[in-house]
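Read the structure below first, then the notes.
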Amino acid sequence: MNMYNPMYYLNSSYDGYQSSEVAQNWRIRTGIAQGDTANATEVNLALALENYGVENLDFATIWGQGHTMAELNGNGTTNFIQWVTENETGA
């Protein structure tokens, strides 16, 4: 169950804090009109990543859209692939 919760690795109140290598590139999109999870879920994740020292955090909430695949323009798959390509580290 702990492995399902990213906060387990990002927040010092959990035993898993700093026990894993956390990716340094994150893109989080969520719709403000979601109904299947609390609006604060992604905000808490973004803040935890920022406090953890993540180097590249691209976070946005999108007005009028739901929980998944929320985008201002285009579609989530194309936009994510473009973001990954732009943020490749050569690894």
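5 Å is the cut-off here: which amide hydrogens, built 1.01 Å from N in the peptide plane, fall below it relative to residue 27, excluding neighbours closer than 5 in sequence?
The answer is 58.
First compute the accessible area of the chain with a 1.4 Å probe, then give the percent of it belonging to carbon and sulfur atoms.
Details: 3170 of 6340 Å².
Whole-percent figure for carbon plus sulfur exposure: 50.
What shape does segment 50-91 take by its C-alpha gyration tensor, where a ≥ b ≥ c are the square roots of the eigenvalues and a/c under 1.5 counts as rounded, a/b above b/c as prolate, and the rest as oblate? Spell out each step's value before the answer.
Working: a/c = 3.26, a/b = 1.35, b/c = 2.42.
Oblate shape, in that a/c is at least 1.5 and b/c is the bigger or equal ratio.
What net charge is computed for the residues neighbouring residue 65, neighbours being all others with C-beta under 14 Å from the C-beta of residue 65, Lys and Arg scored +1, Asp and Glu -1?
-2
Identify the GluC sites (Glu not before Pro) of segment 3-67 meeting these criteria: DSSP loop state and at most 11 other C-beta atoms within 10 Å of the C-beta. Walk me through the intermediate numbers first.
Working: sites: 21, 42, 50, 55; in loops: 21, 55.
Filter output for segment 3-67: 21, 55.
Using a 1.4 Å probe, what is the accessible area per residue for the chain, in Å²? The partial results should precede the final answer.
On the way: 6340 Å² over 91 residues.
That works out to 70 Å² per residue.
Could you give the nm distance between label points at residue 3 and residue 71, where each point is 7 Å from its Cα heading toward the beta carbon?
Here the answer is 3.1 nm between the modelled labels.
Per residue Cα convex hull volume for the chain, in cubic angstrom?
On the way: hull volume 10.1 nm³, N = 91.
Enclosed volume per residue, from the Cα hull, is 111 Å³.
The values are calculated or read from the model by the stated rules, or taken from the named source; none is laboratory data. None of the values given here were measured: they were computed from a predicted structure. Backbone-built Cβ (ideal geometry, glycine too); neighbour counts: all protein chains shown. These area figures cover heavy atoms from the full protein model, side chains too; ligands, DNA and RNA do not enter into them. Shrake-Rupley method; radii C 1.70, N 1.55, O 1.52, S 1.80 Å.
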